[in-house]
Amino acid sequence: MLVANRGEIAVRIMRTCAELGIASVAVHSPSDADALHVRLADEAVPLGDDPPSQSYLNVDKIIDAAKATGVRAVHPGYGFLAENAEFARAVEHAGLTFVGPPPSAIEAMGDKIAARRIATDARVPLAPGTVEPVTTADQVRAFGAEHGYPIAVKASHGGGGRGMRIVESPAGADQGLEAARREAGAAFGDPEVYLERYLPAARHVEVQVLADAHGGLACLGDRDCSVQRRHQKLVEESPAPGLPAAVRTAMAEAALRLAGAVGYLGAGTVEYLLDGERFYFLEMNTRIQVEHPVTEAVLGVDLVAEQLRIAAGEPLLPTGSDLVPRGHAIECRINAEDPASGLFVPSPGRIERLHVPPNPGVRFDSGYRSGDEVPPHYDSMIGKLVVWAPDRETAIRRTLGALDELVVAGVPTTVPAARAVLAHPDFAAARMTTRWLESTVELPAGPEPEPEPEDRRTVWVAGRRYHVPYLGERPPPARADTARPPVDGPRRRPTRNATAATATGSLTSPMQGTVIAVNAAPGDVVTAGQVLFVVEAMKMENPVRATTDGVVGTVTVTVGDVVAAGAELAVLDRADTETEAVKEPT
Ligand code: MV4
């Protein structure tokens, strides 16, 4: 098996391969030469340079590697080429098995209008919407007059929510349509859009399905993935809490009808919006998903093993699998992200120490070890903390305990954000919609002062020993081996993605992409290194930092704008007084 991926999912797939006695081949970029997925593989083939286009997205190089090593199958993981029908075809043309659905199913579900038509025919509920592309503002207003506002304008070839625009009233039709088409063209190479009635307060619930080559179809329960920000999921769980049995069954049956209608094969996910007790089809993901372990935890099934069995032409699932969920599982995505200024931007760097508490019910899927570097070129996810317990309440408490004991030193992480979610009363009551995290949860905006064991003092009181946090000046280390690396603070060094200020004080975008966050307004006093913008390109969020201390003059862009590489984002007037040196944490 060649695994055309990196990080935790490549590792995850290789471990199942090993268990099944299947030899694995890794591919890797130069930065990943010593990565865990390369170490675990039986063989490894270097690809081109670090940028994904030269390595993990390079179809020709990956097919060459597959041919050269004589593999019989290719597993794409998620992201990268996993939902690229051309890649699936290239694998098949090379005489190899693609671990996934037929290219026709990838294509049908990748075209969101085609997917809506297939779902309609399969009697899968959809939000009121169009099954034809929309090109004029008159069509938007006619839709609004019939179905009401707000209206979601969505890219036909988009997905994951990117490029979606909301039109609140007839007056916004021209601008909303224009912006959506422009963004869709820039981001997906096709400006085609369609309309849906927008549901403002829904949950995101998805259903896991498996289909084999013998007509076997199975539903493997559901997951709630409502806790996300900017379409990046943070916490997922299975089963979706509080679903009435009739709704659960209807969602599962609709998902199976859709899988059957599209000629599905392998593992797939049908995404819905859930509004009260009504659910509406959003899209189908034709891959193994990041959050698949919560399903594995409650069902005792190895989903990657099922993918491999199905790809080998075997019937799905061992006989006797009852597929009744047992207990509850929660996943927290642990990303290398900087919470400074309230923006969660990727912050790659060296993981000085990684320690996972080996508690019952705790699993940590990661592509990294202590001492590994998180490269800046790819997704910033370090790992996934997956916790199982007999019931949801215990699972929440157990996850909070595991988050407290988890050590990820050297890079700022999403651990404090996950803790804020898990400790929130709305989470306990399962009152989360897709807007909840951004609108309700107070996310810690700075690095948390996490006392390491070395920061604790041992004191004896009445013959008993206590370890107490040391809150004063940190004492000089007693011994060399108790010194800890200078970490945990927000790092103020510019990343490789940061731009250079031009002589005129323009802050420019380092790449073509979509502005997804603006944290600067005219008159703001900013310090060098402060994140002012986030530009998304190729599913990566790139921080753009102030290059000098100064004052923001004009802000040239707003959220949703598509910018070219080198385009001006803002004018920065350099502070003309002699400023103190930038405060570097030491
Ligand atoms: C919607 C919606 C509300 N109404 N469609 C974003 C992800 C993409 N699959 C579709 N998305 C949405 N479509 C209608 N008609 C709200 C979202 C949405 C969302 C959906 C799932 C998970 C997170 C989300 C966050 C914001 C918006």
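In table form, for the structure just shown:
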| read-out | value |
| --- | --- |
| Scan of the range 4-27 for residues that are touching a residue at least 12 places away in the same chain (Cβ under 8 Å) and in a loop (DSSP other than H, G, I, E, B), ordered by number | A4, N5, R6, L20, I22, A23, S24 |
| Residues (at pLDDT 80 or above, assigned to a loop (DSSP other than H, G, I, E, B) and surrounded by fewer than 20 Cβ atoms within 10 Å (Cβ to Cβ)) located in the range 558-586 | T558, V559, G560, A564, A565, G566, A567 |
| Near pairs, Cβ below 7 angstrom, 6+ apart or cross-chain, from the range 117-132 (closer than 16 Å to H157 by Cα) to any residue that is away from the ligand (no atom under 12 Å from the Cβ) and in a loop (DSSP other than H, G, I, E, B) | R117/V131; I118/V262 |
| Among (1) more than 16 Å from the ligand (Cβ to nearest atom); (2) free of Cβ contacts under 8 Å to residues at least 60 places away in the same chain; (3) outside the structural domain of K154 (by TED's automatic domain parsing), the one test that D222 misses | (1) |
| Number of the condition not met by L234 [criteria: (1) of a type outside the set (K, R); (2) in a strand (DSSP E or B); (3) near the ligand (Cβ under 9 Å from one of its atoms)] | (3) |
| Every residue from the range 538-552 that is buried (at least 22 other Cβ atoms within 10 Å of the Cβ) and more than 24 Å from P376 (Cβ to Cβ) | G550 |
| Output for the range 381-424, where each listed residue is under 30 Å from P52 (Cα atoms) and free of Cβ contacts under 8 Å to residues at least 60 places away in the same chain | I382, L385, V407 |
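To keep it simple, each residue is scored yes or no on (1) within 11 Å of the ligand (Cβ to nearest atom); (2) surrounded by 15 or more Cβ atoms within 10 Å (Cβ to Cβ); (3) assigned to a loop (DSSP other than H, G, I, E, B).
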| site | (1), (2), (3) |
| --- | --- |
| A82 | no, yes, yes |
| S104 | no, no, no |
| A108 | no, yes, no |
| I118 | no, yes, no |
| V124 | no, yes, yes |
| D138 | no, no, no |
| Y149 | no, yes, yes |
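Let's see how each residue does on (1) outside any helix (DSSP H, G or I); (2) within 26 Å of the chain's Cα centre (by Cα); (3) near the ligand (Cβ under 9 Å from one of its atoms); (4) aromatic (F, W, Y):
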| site | (1), (2), (3), (4) |
| --- | --- |
| G144 | no, no, no, no |
| K154 | yes, yes, yes, no |
| Q175 | no, no, no, no |
| Q208 | yes, yes, no, no |
| T249 | no, no, no, no |
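The values are calculated or read from the model by the stated rules, or taken from the named source; none is laboratory data. The shown structure was predicted, so the numbers you read here are calculated from the model rather than taken from an experiment. All Cβ positions, even for glycine, are placed from backbone atoms using ideal geometry, and neighbour counts span all protein chains on display.
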